[in-house]
Amino acid sequence: MVNFPILKQLDIDGYGLYPGTAEKPGLHIDFSKQGLTLVLGANGLGKSTLINILFRMLSGPFDLAKFDQNDELGNLNIIAAERKDLKSFFSDRVSDNATDAKCTLIVDFDNTTLSVTRNLSNLSIIDIKIGQTLLPLSNRVNDEELFQDQIQGLSNVSSFGDWLLILHYIVFYQENRRALVWDTSAQRELLRILLLDNEKSIQWKELTRKVLELDSDFRNLRNTVNKQIKKIKENFQTPEDKTGHRNQIGVLKGLRAETVEYINKLQNDLDVLSNERSTIRSLQLRYKQEIDSIERDIENNKVKILDSTLPKADDTLLFILATINSQKDIFGASDVAGKKIERLQKLIQYYLSNIFKIKSDKINQNDIHEKIIYLEENIHNLKRNYEIQSVKQKDLESQILELNYHIEKNKNDIEEINLKLMPMEVNLAKTGDPSNIIDLKVSTLESMVKDKNLELKSAQDEFREFIKTVEADFLSKTEVIKNGFSNIVQNFLVEECEITWFRIPWKLGQTGEPINFPAFIFKMRSGGHQLITERSSPTQVSESQREFIDLAFRIALIKTTGSNGVGSIVMDTPEASLDAIFVKNAANIFINFANQDGNKLVLTSNLIDGELLPRLVASLHDNEALNSGIINLLKIAIPSKAVNDYKDDYHAKYNSIIESSSRFTTRNEEL
């Protein structure tokens with residue numbers, strides 16, 4: 001299992017953006033005292049810079065190669081590369097070039113502590129500690145290698161490039177992130193890191209790299225050979241055919257070429273049918289999953305009807321009290337009976353309130369019955385579609401069998417032609433006929449391309465076979481991740497939603513057939529949809545929904561794949577996209593994560609209106625972490641012109657947030 005970093009302490013000294021106070025210069029955060037840390041301020045006070053400092057303390061001046069948001073991560077070489085622009089990232093932001101600025105970050109990896117201190121002028125390492133042991137440093141290059149080796153070992157990942165993927169797409173929730181729920185490419189790479197052991201993860205990367213390199217070599221060789229063959233044929237003059245062998249060879253080669261072309265056509269037809277069969281199998285799997293989902297929905301609605309018919313706590317209490325009152329004489333004298341009955345009433349009421357879940361909403365059974373009928377009709381249609389696809393599949397299997405027969409028959413015809421050609425070509429070669437030499441050259445070039453193509457296909461087949469061996473590792477966590485996601489996201493969304501495991505085509509390289517590989521897809525019911533439908537793009541949900549769906553998926557991955565189920569998340573609070581009604585739900589997600597023992601959540605935010613910040617501040621107050629859990633950049637950071645001009649307004653706003661937090665409590669609230 002991967003060990004996610006647990007933030008413990010951050011100390012920034014001598015950096016111009018954070019002069020601090022006279023009593024306490026610099027910026028210092030003790031994460032160990034609380035799960036939630038709020039960094040509050042205004043534009044220009046260094047909130048984003050602080051997040052970047054946290055990131056670069058864990059990565060140094062290294063990062064993944066830049067790539068487009070739509071690039072297939074599986075087709076990229078996920079390696080850590082030194083970036084010169086990162087070395088001056090923080091020095092460029094202050095007038096003194098951060099000459100004397102340094103930063104120390106302390107993090108835990110499954111109870112092992114790592115401390116790293118860096119110069120903010122160029123991100124070079126000053127010292128590294130594991131526990132209380134100070135590691136020996138030599139020079140800048142070796143120091144970074146030492147740091148990367150330590151991080152790789154402590155986090156239990158197979159490479160520093162994999163570590164950077166975890167930082168980018170799980171730990172740090174930044175604006176340029178890839179939305180994991182809708183990005184099967186990023187999902188696949190992260191699940192490789194999280195679910196496979198290091199040996200299998202390395203083997204995965206080696207096999208994919210082999211396929212990609214051979215794919216590139218094959219395409220380059222094919223282009224070069226085609227140009228050479230074209231040039232050879234353009235410069236060749238056909239001599240007189242004295243033996244007659246050349247004409248016979250030409251006829252046989254023409255027949256062979258036609259047969260090869262026919263085989264290629266048959267093979268293309270076979271590929272089309274195979275893809276159609278694969279599509280049908282995927283459709284059948286999707287129908288089966290939708291049928292299962294609707295059947296669960298029907299059962300849930302039947303439970304609602306049953307629940308609505310059962311007596312509530314108040315009904316049961318009234319019945320028991322009526323029975324008692326009708327038999328008061330069993331308690332003796334009237335004054336004693338009154339006290340006994342009153343005490344008994346309280347005991348029964350307390351007992352029933354702990355057994356029965358009192359619901360304020362009323363169930364309309366007619367509406368639910370109509371919904372069940374509608375869902376059952378959908379199941380009927382889905383099952384009918386499933387059977388239709390089964391019939392199509394049987395027909396395809398028959399066609400595929402016939403095509404394979406014809407392909408093999410024509411391959412045998414080619415072998416017979418080759419047996420006839422061989423002695424003729426040998427005799428023609430003895431005459432010194434130049435056309436034979438040209439044919440041999442062309443044949444040799446074509447054979448080179450063919451051999452490279454076979455080598456590529458062999459590597460692709462090797463990777464496909466490897467995928468079969470590790471698929472069980474992925475499937476073993478499917479339900480756990482699904483349930484973890486559902487439990488988290490339903491605390492925010494009103495709409496019913498889920499993630500479903502489904503096979504998605506993955507095009508590894510540019511040559512060959514896609515590999516069908518499992519990935520999560522997102523489904524949601526809302527608006528005019530009676531059924532839970534797939535939302536294949538993040539644009540198919542609102543901005544606020546998108547933010548928290550993606551956050552819920554990240555939290556689910558931390559809880560279900562990390563050691564001890566804990567980790568750290570660092571993010572800019574998505575306050576701008578939140579509907580006012582869902583502020584409480586959003587706050588609950590943050591608080592729930594931060595309150596889990598071991599988790600660390602760092603949120604940066606401007607001083608915004610609304611209930612989000614007061615609710616978060618209230619949770620810090622409840623956990624007795626108000627002083628350590630709020631980093632007030634209005635006091636610590638160098639003020640911007642706006643903060644200088646409106647100093648009193650900003651401080652008044654900050655104080656009003658702190659004061660208004662007293663209206664909220666999280667300690668007794670159901671989160």
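The values are calculated or read from the model by the stated rules, or taken from the named source; none is laboratory data. Since the structure is predicted, the reported quantities are computational estimates derived from the model, not experimental observations. Cβ coordinates were reconstructed from backbone atoms using ideal geometry, including for glycine residues, and neighbour counts include every protein chain displayed. These area figures cover heavy atoms from the full protein model, side chains too; ligands, DNA and RNA do not enter into them. Shrake-Rupley method; radii C 1.70, N 1.55, O 1.52, S 1.80 Å.
Can you tell me the FRET efficiency between Lys641 and Ile126 if r is taken as the Cβ-Cβ distance and R0 is 56 Å, rounded to the nearest 0.05?
After rounding, the FRET efficiency stands at 0.95.
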Förster radius 60 Å - calculated FRET efficiency between Thr224 and Asn632 (Cβ-Cβ, nearest 0.05): 0.40
If amide H atoms are modeled at 1.01 Å from N in the peptide plane, then the residues at a separation of 5 or more from Arg503, or on another chain, having amide H under 5 Å from its own are Ala519
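Place the peptides 9-21, 293-305 in order of packing, highest mean first, counting for every residue the other Cβ atoms within 10 Å and averaging per peptide.
Ranked by mean Cβ neighbours within 10 Å, highest first: 9-21, 293-305.
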Hey, for a label at Lys468 modelled as a point 7 Å past Cα toward Cβ, could you say which residues of region 496-519 have their backbone N under 15 Å away? 515-517
Please list 3J(HN,Hα) in residue order for region 165-172, calculated via the Karplus relation 6.51 cos²θ - 1.76 cosθ + 1.60 where θ = phi - 60°; whole Hz, with x for glycine and proline. 4, 5, 4, 5, 10, 10, 6, 9
Under-5 Å amide H pairs with Ile79, H placed in peptide plane, nonlocal only: Ala65
Anisotropy class of region 531-626 from Cα gyration tensor, a/c 1.5 cut: oblate
For region 3-147: rounded, prolate or oblate by the Cα gyration tensor [a/c cutoff 1.5]: rounded
Sequence ranges 151-159, 164-172, ranked by mean other-Cβ count within 10 angstrom, highest first: 164-172, 151-159
Residues of region 213-230 with the amide nitrogen closer than 19 Å to a label point 7 Å from the Cα of Leu76, along Cα-to-Cβ, please. 213, 216
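Ranked by accessible surface with a 1.4 Å probe, highest first, in what order do Val251, Val583 come?
Sorted by accessible area, descending: Val251, Val583.
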Roughly how many Å² is the accessible area per residue of region 456-542, as a whole number, for a 1.4 Å probe? 44
Percent of accessible area on region 96-237 owned by carbon and sulfur, 1.4 Å probe? 43
Expressed in nanometres to one decimal, the distance between label points 7 Å along Cα→Cβ at Ile348 and Tyr405 is 8.1
Per residue, how much accessible area does region 125-284 show when a 1.4 Å probe rolls over the protein heavy atoms, in square angstrom? 51
